[in-house]
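Read-outs: derived from the displayed coordinates by stated rules, not from any lab. Since the model is a prediction, treat every value here as computed from it, not as a measurement. Cβ coordinates were reconstructed from backbone atoms using ideal geometry, including for glycine residues, and neighbour counts include every protein chain displayed.
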Amino acid sequence: MTEPTETTTHADPAPADAAVLVRDAVDADRAAALVGSCTVDYDGRASGHVDPGVRHVVRQPDGTLLVHGATGHRPLAWHAGDGDFTTTATADDRLVLRAESNTEELTVALDAVHALTVYDPDDADKDVQGTEADVVSRLLNDPDLVESGFTPLATERDTPAGPVDIYGRDANGRICVVEVKRSRVGPDAATQLDRYVRALREDLHTDSDIRGILVAPSVTQKCRDILLERGHDFSPFEA
């Protein structure tokens, strides 16, 4: 077994040096964590801009890019590792990290990098530990992990297409079908969720909008495309 490479931390690296360090980490399938003043721009299912502020930015070995703020357990912005990733030092001395796919783009522009750490996560390339039942239990204990304001009403609710992992309502009172997976999933998970949503709509004899939410550590681009096409949502969750 190959021994993990030593963790290295660099204080106040210049943008050009930081760009090289991040690129080297990506090439070596290592993680890079940066703390610095940055702006964040996202374009996808919605568009948004986050003004300058000191934030924690992580690029994981699976390609996921995360931006964390000062509070809360969810990132301010994120992009799953299913597209292209580039890191560049601009002429005006900024470090720009960009993750993009067919349907979304996340750009993080750092005016200053206060610290940059490159390391090998202990759980790189491993599935989330525990069973899907364990994950469901955690979501029931803390429903905001699904999304803010979510209220679970039942588990294993029967539908003509099979039992739904979690049946509930969102903050606006809309019925939600939550499908839980403990590892990265592909298009089959999206089509399975869609079957549950359509079956529940028929079972309830309603034309009302029923939301589908797929909870998993990450999804492939094809899975994301199907969710988007059929009006469902993805909620990232790490055990």
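Some notes on this structure:
- Over all directions, the projected convex hull of the C-alpha atoms in the chain averages 13.8 nm² in area.
- Using 0.36 nm per residue and subtracting the Cα-Cα separation, the extra length available between VAL50 and ARG157 on full extension is 34.6 nm.
- Here the extension length gained between HIS205 and GLU238 equals 8.4 nm, from 0.36 nm per residue of separation less the Cα-Cα distance.
- In this simple spin-label approximation, LYS222 and SER183 carry label points 7 Å from Cα along the Cα→Cβ vector, and these lie 1.7 nm apart.
- Cβ-placed point charges (K, R +1; D, E -1), dipole of the range 8-119 about Cα centre in debye, nearest 20: 340 debye
- For the range 8-119, the normalised intensity computed at q = 0.18, 0.21 Å⁻¹ comes to -0.83, -1.16 (log10 of I(q)/I(0), Debye sum over alpha carbons, equal scatterers, no solvent).
- Residues LYS181, LYS222, sorted so that the one with the fewest Cβ neighbours within 10 Å comes first: LYS222, LYS181
- You can think of it this way: the chain between THR86 and ASP41 has 14.7 nm of extra reach, that is 0.36 nm per residue less the Cα-Cα gap.
- For the chain, the Cβ-based charge dipole about the Cα centre amounts to some 560 debye (Lys, Arg positive; Asp, Glu negative; other atoms uncharged).
- Exposure proxy shown here: for GLU105, GLU202, GLU179, the number of other Cβ atoms within 10 Å sets the order, fewest to most, as GLU202, GLU105, GLU179.
- Counted charge near ALA216, where neighbours are those whose Cβ lies closer than 9 Å (Asp, Glu -1; Lys, Arg +1): +2
- Sorting ASP209, ASP194 from the fewest to the most surrounding beta carbons within 10 angstrom yields ASP209, ASP194.
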